[in-house]
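> Sharing a structure, written as C-alpha coordinates. Questions coming.
The values are calculated or read from the model by the stated rules, or taken from the named source; none is laboratory data. Keep in mind that what you see is a predicted model, and the values were worked out from it rather than measured. Cβ atoms come from the backbone with ideal geometry, glycine included; neighbour counts cover every protein chain shown. Areas reflect the complete protein model, heavy atoms only, side chains present, ligands, DNA and RNA absent. Shrake-Rupley method; radii C 1.70, N 1.55, O 1.52, S 1.80 Å.
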Amino acid sequence: MSLLAKFSDLAEQRAALGSADPSKVVIETILSPTEAIINGRHTILAGTNNYLGLTFDPDCIAAGQDALARLGTGTTGSRMANGNYSGHRALEQELAEFYGYPYAMIFSTGYAANLGVLSALLGPDDAVLLDADAHASLYDGASMTRAGIYRFKHNDPDSLDKRLSRLKDRAARTLVVIEGLYSVLGDTAPLQAFVEVKERHGALLMVDEAHSLGVYGEHGRGVVESSGTQDRVDFVVGTFSKSLASTGGFCVSRHRELELFQYASRPYMFTASPCPSVIATTRAALHALRTRPELKNRLWHNAERLYGALKERNLWLGPEVSPVVAVRLEDRGLALNAWQRLLESGVYCNLMLPPAAPEGGSLLRFSLSAAHTDGQVDTLIERIAALGL
Ligand code: PMP
(Lines give C-alpha, C1' and ligand atoms only; values in the text may rest on other atoms or scores of the structure.)
Protein backbone atom coordinates (compact mmCIF):
# COMPACT_ATOMS: atom_id res chain seq x y z
CA MET A 1 0.00 0.00 0.00
CA SER A 2 1.44 3.39 -0.89
CA LEU A 3 1.75 6.26 1.57
CA LEU A 4 -1.13 7.95 -0.19
CA ALA A 5 -3.56 5.02 -0.11
CA LYS A 6 -4.89 5.86 3.35
CA PHE A 7 -6.32 9.11 2.00
CA SER A 8 -9.00 7.20 0.09
CA ASP A 9 -10.84 6.66 3.43
CA LEU A 10 -10.73 10.37 4.13
CA ALA A 11 -11.92 11.15 0.62
CA GLU A 12 -14.93 8.86 1.18
CA GLN A 13 -15.72 10.46 4.53
CA ARG A 14 -15.52 13.91 2.97
CA ALA A 15 -17.76 12.90 0.09
CA ALA A 16 -20.33 11.56 2.58
CA LEU A 17 -20.57 15.01 4.20
CA GLY A 18 -21.53 16.62 0.88
CA SER A 19 -22.29 20.27 1.38
CA ALA A 20 -22.72 19.84 5.16
CA ASP A 21 -18.97 20.18 5.61
CA PRO A 22 -17.84 22.94 8.00
CA SER A 23 -14.38 22.94 6.43
CA LYS A 24 -15.95 24.27 3.21
CA VAL A 25 -17.45 27.36 4.88
CA VAL A 26 -15.94 30.56 3.51
CA ILE A 27 -16.44 33.81 5.37
CA GLU A 28 -16.74 36.01 2.29
CA THR A 29 -16.85 39.23 4.29
CA ILE A 30 -16.48 39.65 8.00
CA LEU A 31 -18.73 42.51 9.13
CA SER A 32 -18.31 42.59 12.93
CA PRO A 33 -17.45 40.22 15.81
CA THR A 34 -20.86 38.58 15.36
CA GLU A 35 -21.81 38.97 11.68
CA ALA A 36 -20.45 37.86 8.35
CA ILE A 37 -21.49 37.20 4.78
CA ILE A 38 -21.40 33.45 4.10
CA ASN A 39 -22.72 31.98 0.82
CA GLY A 40 -23.87 35.51 -0.04
CA ARG A 41 -26.08 35.52 3.04
CA HIS A 42 -26.00 37.75 6.12
CA THR A 43 -25.09 35.35 8.93
CA ILE A 44 -24.94 35.57 12.74
CA LEU A 45 -21.69 34.08 14.01
CA ALA A 46 -22.32 31.86 17.02
CA GLY A 47 -19.38 29.48 16.83
CA THR A 48 -16.22 31.58 16.88
CA ASN A 49 -15.08 31.62 20.55
CA ASN A 50 -15.00 35.42 20.33
CA TYR A 51 -16.12 35.54 23.97
CA LEU A 52 -15.45 39.21 24.73
CA GLY A 53 -16.18 40.33 21.15
CA LEU A 54 -12.89 42.22 20.84
CA THR A 55 -11.95 41.42 17.21
CA PHE A 56 -13.04 44.86 16.01
CA ASP A 57 -12.27 46.80 19.18
CA PRO A 58 -10.94 50.23 18.13
CA ASP A 59 -8.20 50.30 20.80
CA CYS A 60 -6.95 46.83 19.82
CA ILE A 61 -6.95 47.75 16.12
CA ALA A 62 -5.13 51.04 16.77
CA ALA A 63 -2.48 49.28 18.90
CA GLY A 64 -1.93 46.71 16.15
CA GLN A 65 -1.73 49.33 13.39
CA ASP A 66 0.76 51.39 15.37
CA ALA A 67 2.99 48.36 16.07
CA LEU A 68 2.78 47.29 12.42
CA ALA A 69 3.95 50.73 11.25
CA ARG A 70 6.68 51.12 13.88
CA LEU A 71 7.98 47.57 14.33
CA GLY A 72 7.32 45.86 11.01
CA THR A 73 5.31 42.89 9.87
CA GLY A 74 7.12 40.03 11.60
CA THR A 75 10.00 38.92 13.79
CA THR A 76 11.35 36.55 11.09
CA GLY A 77 12.53 34.01 13.63
CA SER A 78 12.49 32.64 17.16
CA ARG A 79 13.31 34.61 20.27
CA MET A 80 16.28 32.29 20.93
CA ALA A 81 17.78 33.07 17.52
CA ASN A 82 16.62 36.61 16.76
CA GLY A 83 16.17 38.06 20.24
CA ASN A 84 13.20 39.35 22.19
CA TYR A 85 11.08 42.30 21.18
CA SER A 86 10.28 44.49 24.16
CA GLY A 87 6.57 43.72 23.57
CA HIS A 88 7.18 40.00 24.19
CA ARG A 89 8.68 40.79 27.58
CA ALA A 90 6.04 43.40 28.40
CA LEU A 91 3.19 40.98 27.63
CA GLU A 92 4.82 38.33 29.83
CA GLN A 93 5.07 40.80 32.66
CA GLU A 94 1.45 41.89 32.21
CA LEU A 95 0.23 38.28 32.19
CA ALA A 96 2.18 37.49 35.37
CA GLU A 97 0.75 40.57 37.03
CA PHE A 98 -2.77 39.80 35.85
CA TYR A 99 -2.68 36.25 37.22
CA GLY A 100 -0.73 37.13 40.36
CA TYR A 101 1.92 34.52 39.54
CA PRO A 102 5.60 35.56 39.40
CA TYR A 103 6.49 33.76 36.13
CA ALA A 104 5.05 33.89 32.61
CA MET A 105 6.10 32.69 29.17
CA ILE A 106 4.43 33.29 25.81
CA PHE A 107 4.30 31.01 22.77
CA SER A 108 3.30 31.50 19.13
CA THR A 109 -0.03 29.66 19.54
CA GLY A 110 -1.99 27.97 22.31
CA TYR A 111 -1.23 24.67 20.61
CA ALA A 112 2.50 25.42 20.83
CA ALA A 113 2.11 26.44 24.49
CA ASN A 114 0.69 23.03 25.38
CA LEU A 115 3.33 21.19 23.37
CA GLY A 116 6.03 23.45 24.80
CA VAL A 117 5.07 23.12 28.47
CA LEU A 118 4.48 19.36 28.40
CA SER A 119 7.65 18.61 26.46
CA ALA A 120 9.74 20.77 28.81
CA LEU A 121 8.28 19.20 31.94
CA LEU A 122 8.14 15.51 31.11
CA GLY A 123 10.93 12.98 30.62
CA PRO A 124 11.17 9.19 30.31
CA ASP A 125 10.87 8.49 34.06
CA ASP A 126 7.80 10.68 34.49
CA ALA A 127 4.07 10.17 34.02
CA VAL A 128 1.24 12.34 32.78
CA LEU A 129 -2.43 11.84 33.64
CA LEU A 130 -4.88 13.57 31.34
CA ASP A 131 -8.62 14.11 31.62
CA ALA A 132 -10.31 11.90 29.01
CA ASP A 133 -11.86 14.97 27.32
CA ALA A 134 -8.70 17.11 27.31
CA HIS A 135 -7.93 18.98 24.09
CA ALA A 136 -5.94 17.33 21.28
CA SER A 137 -3.00 19.72 21.85
CA LEU A 138 -2.60 18.34 25.39
CA TYR A 139 -2.53 14.75 24.12
CA ASP A 140 -0.15 15.76 21.32
CA GLY A 141 2.15 17.48 23.82
CA ALA A 142 2.16 14.39 26.04
CA SER A 143 2.96 12.12 23.11
CA MET A 144 6.00 14.25 22.20
CA THR A 145 7.57 13.10 25.47
CA ARG A 146 8.71 9.66 26.56
CA ALA A 147 6.64 9.85 29.76
CA GLY A 148 3.97 7.25 30.60
CA ILE A 149 0.62 8.58 29.35
CA TYR A 150 -2.60 7.67 31.21
CA ARG A 151 -6.12 9.03 31.09
CA PHE A 152 -8.71 9.31 33.83
CA LYS A 153 -12.49 9.69 33.56
CA HIS A 154 -13.68 13.15 32.55
CA ASN A 155 -14.10 15.53 35.50
CA ASP A 156 -13.80 12.62 37.96
CA PRO A 157 -11.44 13.24 40.91
CA ASP A 158 -12.01 9.66 42.20
CA SER A 159 -10.81 8.24 38.90
CA LEU A 160 -7.71 10.47 39.14
CA ASP A 161 -7.15 9.34 42.73
CA LYS A 162 -7.23 5.66 41.69
CA ARG A 163 -4.82 6.23 38.80
CA LEU A 164 -2.38 8.13 41.00
CA SER A 165 -2.54 5.38 43.66
CA ARG A 166 -1.63 2.83 41.02
CA LEU A 167 1.46 4.85 40.08
CA LYS A 168 2.79 4.49 43.66
CA ASP A 169 6.16 6.28 43.99
CA ARG A 170 5.88 7.60 40.45
CA ALA A 171 2.90 9.74 41.52
CA ALA A 172 5.38 12.33 42.81
CA ARG A 173 6.81 12.56 39.27
CA THR A 174 3.40 12.94 37.66
CA LEU A 175 1.73 15.87 35.96
CA VAL A 176 -2.07 16.00 36.05
CA VAL A 177 -3.60 17.83 33.07
CA ILE A 178 -7.12 19.25 32.97
CA GLU A 179 -9.03 22.15 31.44
CA GLY A 180 -10.95 24.88 33.26
CA LEU A 181 -13.97 25.13 30.94
CA TYR A 182 -14.36 22.25 28.49
CA SER A 183 -15.09 23.60 25.06
CA VAL A 184 -17.39 20.88 23.71
CA LEU A 185 -20.10 20.55 26.40
CA GLY A 186 -19.36 23.80 28.26
CA ASP A 187 -18.82 22.06 31.62
CA THR A 188 -16.24 23.18 34.21
CA ALA A 189 -13.72 21.13 36.17
CA PRO A 190 -14.25 20.51 39.92
CA LEU A 191 -10.92 22.15 40.63
CA GLN A 192 -11.01 22.12 44.45
CA ALA A 193 -11.43 18.35 44.44
CA PHE A 194 -8.72 17.85 41.80
CA VAL A 195 -6.28 20.03 43.75
CA GLU A 196 -6.87 18.04 46.93
CA VAL A 197 -6.20 14.76 45.12
CA LYS A 198 -3.02 15.92 43.39
CA GLU A 199 -1.65 17.37 46.65
CA ARG A 200 -2.33 14.15 48.53
CA HIS A 201 -0.18 12.29 45.99
CA GLY A 202 2.51 14.96 45.60
CA ALA A 203 1.78 15.42 41.86
CA LEU A 204 1.74 18.71 39.93
CA LEU A 205 -1.34 20.16 38.21
CA MET A 206 -1.60 22.02 34.88
CA VAL A 207 -4.89 23.70 33.92
CA ASP A 208 -5.67 24.78 30.35
CA GLU A 209 -7.84 27.90 30.61
CA ALA A 210 -8.11 28.47 26.84
CA HIS A 211 -11.91 28.90 27.04
CA SER A 212 -12.14 30.32 30.56
CA LEU A 213 -9.74 33.29 30.46
CA GLY A 214 -11.82 36.46 30.64
CA VAL A 215 -14.94 34.39 31.25
CA TYR A 216 -14.71 32.97 34.83
CA GLY A 217 -13.63 34.54 38.12
CA GLU A 218 -14.16 38.01 39.49
CA HIS A 219 -11.16 39.35 37.56
CA GLY A 220 -11.55 37.03 34.57
CA ARG A 221 -8.58 34.82 35.51
CA GLY A 222 -10.55 31.69 34.78
CA VAL A 223 -11.88 28.70 36.67
CA VAL A 224 -8.70 28.66 38.75
CA GLU A 225 -9.84 32.03 40.13
CA SER A 226 -13.56 31.20 40.48
CA SER A 227 -12.69 27.99 42.37
CA GLY A 228 -10.23 29.75 44.70
CA THR A 229 -7.38 27.37 43.85
CA GLN A 230 -4.92 29.84 42.38
CA ASP A 231 -2.14 29.37 44.93
CA ARG A 232 -2.38 25.57 44.71
CA VAL A 233 -2.35 25.10 40.92
CA ASP A 234 1.14 24.67 39.41
CA PHE A 235 0.80 25.76 35.77
CA VAL A 236 -1.95 27.66 33.97
CA VAL A 237 -1.82 27.61 30.17
CA GLY A 238 -4.04 29.40 27.70
CA THR A 239 -4.45 31.02 24.34
CA PHE A 240 -4.79 34.53 22.95
CA SER A 241 -7.07 33.22 20.20
CA LYS A 242 -10.39 33.34 22.06
CA SER A 243 -11.26 36.09 24.56
CA LEU A 244 -8.12 38.06 23.59
CA ALA A 245 -9.12 37.95 19.92
CA SER A 246 -5.64 37.46 18.40
CA THR A 247 -3.22 34.50 18.18
CA GLY A 248 -0.61 33.12 20.59
CA GLY A 249 -0.43 31.16 23.81
CA PHE A 250 1.01 31.41 27.30
CA CYS A 251 1.94 29.66 30.52
CA VAL A 252 2.00 31.29 33.96
CA SER A 253 3.24 29.67 37.13
CA ARG A 254 4.29 30.06 40.73
CA HIS A 255 7.33 27.85 40.00
CA ARG A 256 10.53 29.67 39.07
CA GLU A 257 11.58 26.72 36.85
CA LEU A 258 9.24 28.18 34.20
CA GLU A 259 12.01 30.68 33.47
CA LEU A 260 14.18 27.76 32.32
CA PHE A 261 11.57 26.19 30.03
CA GLN A 262 12.89 28.30 27.15
CA TYR A 263 16.01 26.10 27.10
CA ALA A 264 14.04 22.85 27.21
CA SER A 265 11.01 23.54 25.04
CA ARG A 266 11.41 22.82 21.34
CA PRO A 267 7.98 24.26 20.37
CA TYR A 268 9.28 27.52 21.85
CA MET A 269 12.81 27.37 20.48
CA PHE A 270 12.21 26.28 16.92
CA THR A 271 9.38 28.47 15.69
CA ALA A 272 9.02 32.17 14.95
CA SER A 273 7.98 34.39 17.85
CA PRO A 274 4.66 36.27 17.66
CA CYS A 275 4.53 39.31 15.32
CA PRO A 276 4.76 42.75 16.99
CA SER A 277 1.25 43.70 15.83
CA VAL A 278 -0.18 40.49 17.32
CA ILE A 279 1.56 41.24 20.62
CA ALA A 280 0.23 44.80 20.56
CA THR A 281 -3.41 43.78 19.94
CA THR A 282 -3.13 41.08 22.62
CA ARG A 283 -1.83 43.60 25.17
CA ALA A 284 -4.67 45.99 24.32
CA ALA A 285 -7.20 43.14 24.62
CA LEU A 286 -5.77 42.10 28.00
CA HIS A 287 -6.11 45.71 29.10
CA ALA A 288 -9.76 45.71 27.93
CA LEU A 289 -10.39 42.44 29.77
CA ARG A 290 -8.98 43.97 32.97
CA THR A 291 -10.69 47.33 32.79
CA ARG A 292 -14.07 46.59 31.19
CA PRO A 293 -15.91 44.10 33.42
CA GLU A 294 -19.10 44.92 31.53
CA LEU A 295 -17.83 42.69 28.70
CA LYS A 296 -17.86 39.60 30.92
CA ASN A 297 -21.23 40.59 32.38
CA ARG A 298 -22.71 41.00 28.92
CA LEU A 299 -21.31 37.62 27.84
CA TRP A 300 -22.95 35.90 30.82
CA HIS A 301 -26.24 37.71 30.18
CA ASN A 302 -26.22 36.26 26.65
CA ALA A 303 -25.15 32.79 27.83
CA GLU A 304 -27.93 32.66 30.41
CA ARG A 305 -30.57 33.78 27.90
CA LEU A 306 -29.64 31.22 25.25
CA TYR A 307 -29.16 28.33 27.67
CA GLY A 308 -32.38 29.19 29.57
CA ALA A 309 -34.50 29.48 26.42
CA LEU A 310 -33.25 26.20 24.96
CA LYS A 311 -33.67 24.41 28.29
CA GLU A 312 -37.28 25.65 28.42
CA ARG A 313 -37.80 24.03 25.01
CA ASN A 314 -36.55 20.76 26.48
CA LEU A 315 -33.51 20.47 24.27
CA TRP A 316 -30.75 18.14 25.50
CA LEU A 317 -27.98 20.52 26.61
CA GLY A 318 -24.64 20.39 28.43
CA PRO A 319 -24.84 20.16 32.25
CA GLU A 320 -24.37 23.83 33.20
CA VAL A 321 -24.88 27.35 31.90
CA SER A 322 -21.72 28.65 30.24
CA PRO A 323 -20.74 30.70 27.19
CA VAL A 324 -20.50 27.37 25.35
CA VAL A 325 -24.00 25.97 24.77
CA ALA A 326 -24.12 22.46 23.34
CA VAL A 327 -27.31 21.08 21.80
CA ARG A 328 -26.79 17.33 21.98
CA LEU A 329 -28.23 14.89 19.45
CA GLU A 330 -28.05 11.14 19.33
CA ASP A 331 -28.28 10.94 15.58
CA ARG A 332 -25.38 12.01 13.38
CA GLY A 333 -27.58 12.53 10.31
CA LEU A 334 -29.92 14.78 12.28
CA ALA A 335 -26.96 16.86 13.48
CA LEU A 336 -25.58 17.25 9.95
CA ASN A 337 -28.97 18.26 8.63
CA ALA A 338 -29.65 20.70 11.49
CA TRP A 339 -26.24 22.35 11.09
CA GLN A 340 -26.84 22.86 7.37
CA ARG A 341 -30.36 24.20 7.86
CA LEU A 342 -29.08 26.68 10.45
CA LEU A 343 -26.39 27.87 8.05
CA GLU A 344 -28.99 28.30 5.31
CA SER A 345 -31.10 30.34 7.74
CA GLY A 346 -28.15 32.63 8.49
CA VAL A 347 -26.74 31.12 11.70
CA TYR A 348 -23.20 29.79 11.94
CA CYS A 349 -22.42 27.34 14.76
CA ASN A 350 -20.01 24.42 15.17
CA LEU A 351 -20.88 20.86 14.19
CA MET A 352 -19.34 18.11 16.31
CA LEU A 353 -19.60 14.51 15.17
CA PRO A 354 -18.19 11.37 16.81
CA PRO A 355 -15.49 11.07 18.11
CA ALA A 356 -15.31 14.85 18.79
CA ALA A 357 -18.65 14.78 20.66
CA PRO A 358 -18.95 12.64 23.81
CA GLU A 359 -20.56 9.19 24.19
CA GLY A 360 -20.77 8.50 20.48
CA GLY A 361 -23.30 11.31 20.00
CA SER A 362 -23.22 14.47 17.90
CA LEU A 363 -23.88 18.06 18.80
CA LEU A 364 -24.36 21.62 17.65
CA ARG A 365 -22.06 23.92 19.58
CA PHE A 366 -22.89 27.59 20.09
CA SER A 367 -20.39 30.01 21.59
CA LEU A 368 -21.74 33.31 22.84
CA SER A 369 -20.02 36.67 22.65
CA ALA A 370 -20.28 39.87 24.66
CA ALA A 371 -20.89 41.48 21.27
CA HIS A 372 -24.13 39.56 20.59
CA THR A 373 -27.15 41.83 20.94
CA ASP A 374 -30.38 40.71 22.60
CA GLY A 375 -31.93 40.74 19.11
CA GLN A 376 -29.26 38.38 17.77
CA VAL A 377 -29.73 36.00 20.70
CA ASP A 378 -33.51 36.08 20.06
CA THR A 379 -32.86 35.18 16.43
CA LEU A 380 -30.60 32.29 17.50
CA ILE A 381 -33.33 30.99 19.82
CA GLU A 382 -36.01 31.26 17.10
CA ARG A 383 -33.96 29.54 14.43
CA ILE A 384 -32.83 26.73 16.71
CA ALA A 385 -36.45 26.24 17.87
CA ALA A 386 -37.58 26.15 14.22
CA LEU A 387 -35.42 23.04 13.66
CA GLY A 388 -37.94 21.08 15.73
CA LEU A 389 -35.27 18.95 17.41
N1 PMP B 1 -6.37 24.37 24.36
C2 PMP B 1 -7.70 24.29 24.19
C3 PMP B 1 -8.55 23.76 25.29
C4 PMP B 1 -8.27 24.71 22.98
O5 PMP B 1 -9.59 24.62 22.80
C6 PMP B 1 -7.43 25.21 21.95
C7 PMP B 1 -7.98 25.71 20.63
N8 PMP B 1 -9.21 25.39 20.26
C9 PMP B 1 -6.06 25.26 22.17
C10 PMP B 1 -5.57 24.84 23.38
C11 PMP B 1 -5.13 25.75 21.10
O12 PMP B 1 -5.13 27.12 21.01
P13 PMP B 1 -4.66 27.90 19.70
O14 PMP B 1 -5.84 28.04 18.82
O15 PMP B 1 -4.16 29.20 20.22
O16 PMP B 1 -3.56 27.10 19.07
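> Please compute one quarter of the surface area of the Cα convex hull for the stretch 150-271 and express it in square nanometres.
Result: a mean projected hull area of 8.2 nm².
> Oh, and also: Using just the Cα positions, wrap the stretch 10-165 in a convex hull and report its mean projected area in square nanometres, one decimal place. Before the final figure, lay out the partial values.
On the way: hull surface 59.3 nm².
Computing the convex hull of the Cα atoms and averaging its projections yields 14.8 nm².
> Can you work out the Karplus-derived ³J(HN,Hα) for every residue in the stretch 53-63? Use 6.51 cos²θ - 1.76 cosθ + 1.60 with θ = phi - 60°, whole Hz, and x for glycine or proline.
x, 8, 5, 10, 5, x, 5, 5, 5, 5, 5
> Sorted from largest to smallest, which semi-axis lengths in Å does the alpha carbon gyration tensor of the stretch 107-165 give for its equivalent ellipsoid, taking the root of 5 times each eigenvalue?
21, 14, 7
> Mind ranking 267-274, 82-89 by how tightly packed they are, going by the mean number of other C-beta atoms within 10 angstrom, highest first?
267-274, 82-89
> Compute the projected area of the convex hull of the Cα atoms of the stretch 248-350, averaged over all viewing directions, and report it in nm² to one decimal place. Let's see the in-between values first.
Working: hull surface 45.0 nm².
Computed as one quarter of the Cα hull surface, the answer is 11.3 nm².
> Report the Stokes-Einstein translational diffusion coefficient (µm² s⁻¹, integer) for the chain, Rh taken as the Kirkwood radius over Cα pairs, at 4 °C with viscosity 1.567 mPa s.
For the chosen part, D equals 59 µm²/s.
> Give me the number: length gained by fully extending residue 385 to residue 10, i.e. 0.36 nm times residue separation minus the C-alpha to C-alpha distance, one decimal in nm.
Result: 131.7 nm gained on full extension.
> Given a 1.4 Å probe and heavy atoms of the protein chains only, how would you sort 244, 10, largest accessible area at the top?
10, 244
> Could you give me the radius of gyration and the Dmax of the stretch 1-83, taking only the C-alpha atoms into account and expressing both in angstrom?
Rg then Dmax for the stretch 1-83, in Å: 19.9, 55.
> Percent of alpha carbon pairs in the stretch 323-389 separated by more than 17 Å?
38
> Using θ = phi - 60° and the Karplus relation 6.51 cos²θ - 1.76 cosθ + 1.60, list the HN-Hα couplings for the stretch 146-153 in order, rounded to whole Hz, with x at every Gly or Pro.
9, 6, x, 10, 10, 10, 10, 4
> Still on this structure: Put a dot 7 Å past each Cα toward the Cβ at residue 320 and residue 62; how far apart are the dots in nm?
Modelled inter-label distance: 3.8 nm.
> State, to one decimal in nm, how far the label point of residue 169 lies from the label point of residue 341, with both points 7 Å from Cα in the Cβ direction.
Label-label distance for residue 169 and residue 341, simple model: 6.2 nm.
> Lysines near residue 162 by alpha-carbon distance under 18 Å, same-chain residues fewer than 8 away left out - which ones?
Correct list for residue 162: 153, 198.
> Sticking with this one: Would you mind calculating the gained length between residue 378 and residue 196 on full extension (0.36 nm times residue separation, minus the Cα-Cα distance), in nm to one decimal? Intermediate values should be presented prior to the final figure.
Details: separation 182, 0.36 × 182 = 65.52 nm, distance 4.19 nm.
Between residue 378 and residue 196, full extension yields 61.3 nm more.
> If I model a spin label as a point 7 Å beyond the Cα along the Cα-Cβ vector, how far apart are those points for residue 25 and residue 262 in nm?
The answer from the label model is 3.8 nm.
> Over the stretch 75-274, what is the percentage of antiparallel beta bridges among all DSSP beta bridges, to the nearest 5?
40
> Sticking with this structure for a sec: Could you check what % of the DSSP bridge pairs in the chain are antiparallel, to the nearest 5?
Around 60 percent of the beta bridges assigned by DSSP in the chain are antiparallel ones.
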